[in-house]
Structure formats: C-alpha cells, structure tokens
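Engineer: For reference, the structure I am asking about is given below.
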Amino acid sequence: QNNRTLLIAGNWKMNNDVQAAATLADELVAALDGVDNGVEVLVCPPTIDLTTVAAKLDGSAIKLGAQNVYWEAAGAYTGESSCDMLKSAGCTYCIIGHSERRDYFHETDEDQNKKAKALVAAGLVPVFCCGEPLEVREAGTYVEHVVAQVKAGLEGLEIADPAQLVVAYEPIWAIGTGMTATADDAQEVCAAVREALADLFGAELASGIRVLYGGSAKPGNIAELTAKPDVDGALVGGASLKAADFSQMVVKS
Ligand code: PEP
C-alpha cells in the first residue's frame, strides 16, 4: 500500500538490570532468528544496558536505540549522555519526547526540538513521541494537540531522507493501561501527524516518514493497527519485555 518499512520498536523503560537485559536480548535474537517478513525491529533498553545489549544483537538484524539523550556534545551535565556516546554504544535510534519524560521530568517541546536537531546532526534517528492526555481526548481537541506538539518539537529540523525521522503517536490514556486506541483512532491521528509532517518537510518526505502507534499494543491487536494505511508499526512498552510477545508482534505485523 506504500513504500514504508514497518517498524516494531520496544521501549523497555526502566526495566531489566544488565543481566536481565542480556537474557532478554538473547531470547529476542533466538525468537526472531529466521523471521524475515520485512519488518524492521528496534529495541530501546535503559542506558546502562546499551553496550551489553549491543554485543548480544551483533550479527542480528535487530537495531538498538536509547530512551533519552542530551543535546550538548560533552561537559558538565551530570547524569546525561550525548549523541556521540549513544552512537559509540551501538545505537542508531533514540526515543525522545516520551510522555513519561514530559510529565515526570518536565521536558518541554523546546527540549525535544534541541534533542531532535542534535540527534539528526549526529546521524541518529529520533523516535519523536507525541500524544494527548485523557482530558484532551474527551474534549475532542486531540488532533490539534498532537499536531501542535509535532510542529513545536520538529520545527526547523532539517532532513534529506525520510529514514532520518520516526514519529510515534502515543495517546497517554492508552499507555500501560490496557486501553488501546481503536485502529481507526490510531489511523485518524497518524494521518494528521503525516499532514503536519508534510507542512514541515514537504509532502514527498512526509510520505516516507514512519508514523508509529503506541499504547497497549500487543500480539492480539498489532495486525489490525498495522493494517491501517498511516500506521507504520508500533512503539511497544509492556509487551516488549517478553521475547515471545514481542517477536509475535513482529511476525503478525
Ligand atoms: C510506551 O510507553 O511507549 C508504551 C506504548 O507502553 P505500553 O505498550 O506498555 O502501553
């Protein structure tokens, strides 16, 4: 239906110490061995696990991403990691703007904009998250809310290839709650995100940028979600922590 490669991305959040991460990475490599259905697979472990997981994924097609980055190149920024550090650990992607970072760590649209620009400049692909809280969904202004986040977070970003950016639409009321948006809900907002991307980057680039859905995606609903024309895969939290579930999601996409 389009030329975009589906992407199934796992966000492990703050789960798995180094030993558990190594085990899960081994299990994933084994579970996906021989699976070649054209779906791109990405895992985003905690920063402390990145080098261990990178070593485990070496030789497999599974890509590695981080969950956060700081935009400065180096220096006195206690607790942070730079783009080049993530690259040196084996990352090619980095999640930014997750609602948990916006809510618990008070990150702003401006922060996301700086992170997106630093990542692209370093040759890393941002997985830019956006999504509305329940009260905005209930008020009916969710499309405007998400479009405003996309425009504020990505304005002035320069890309030459659609593979340099991924956007994940994650309605906050569906994250970790078991309450999945319907496939039609996901399609409606993912299509609006693509229109916002067309305003920012032009229609041609926007038609190639992957827009994922996130929020209680699991083996039982992934096929319906990815069947929608503007849903190019999923950002997966809870179901990415079990190799059997996550690999099933890749197979069923
Ligand atoms: C997420 O937070 O990125 C997410 C989609 O979580 P879950 O799949 O657990 O709802």
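Laboratory data are not the source of any read-out in this text; all were calculated from the coordinates shown. Please read these numbers as outputs of a predicted model, since none were measured by experiment. Cβ: placed from backbone, ideal geometry, glycine included. Neighbour counts: every protein chain shown.
Engineer: Quick one: would you say ILE48 is closer than 21 Å to GLY97 by Cα and over 18 Å from the mean Cα position of the chain (by Cα)?
Structural biologist: yes
Engineer: Suppose we filter the stretch 147-192 for residues that are of a type in the set (A, V, I, L, M, F, W, C), under 23 Å from TRP71 (Cβ atoms) and within 19 Å of the chain's Cα centre (by Cα); how many remain?
Structural biologist: Total meeting the criteria: 11.
Engineer: Right, another one. Could you tell me which numbered condition VAL167 fails, if it satisfies all but one of (1) within 14 Å of the ligand (Cβ to nearest atom); (2) part of a loop (DSSP other than H, G, I, E, B); (3) β-branched (Val, Ile, Thr)?
Structural biologist: (2)
Engineer: A further question follows. Looking at the stretch 172-185, is at least one residue in contact (Cβ under 8 Å) with a residue 60 or more places away in the chain, surrounded by 20 or more Cβ atoms within 10 Å (Cβ to Cβ) and more than 15 Å from the ligand (Cβ to nearest atom)?
Structural biologist: Taking every residue of the stretch 172-185 in turn, none turns out to be in contact (Cβ under 8 Å) with a residue 60 or more places away in the chain, surrounded by 20 or more Cβ atoms within 10 Å (Cβ to Cβ) and more than 15 Å from the ligand (Cβ to nearest atom).
Engineer: Just give me the residues in the stretch 234-245 being in contact with a helix residue (DSSP H, G or I) (Cβ under 8 Å, 6 or more places away or on another chain) and surrounded by fewer than 24 Cβ atoms within 10 Å (Cβ to Cβ), in sequence order. Show your work before the answer.
Structural biologist: Our first condition is that a residue be in contact with a helix residue (DSSP H, G or I) (Cβ under 8 Å, 6 or more places away or on another chain); within the stretch 234-245, this holds for 234, 236, 239-241, 243-245.
Scanning the stretch 234-245 gives ALA239, LEU241, ALA243, ALA244, ASP245.
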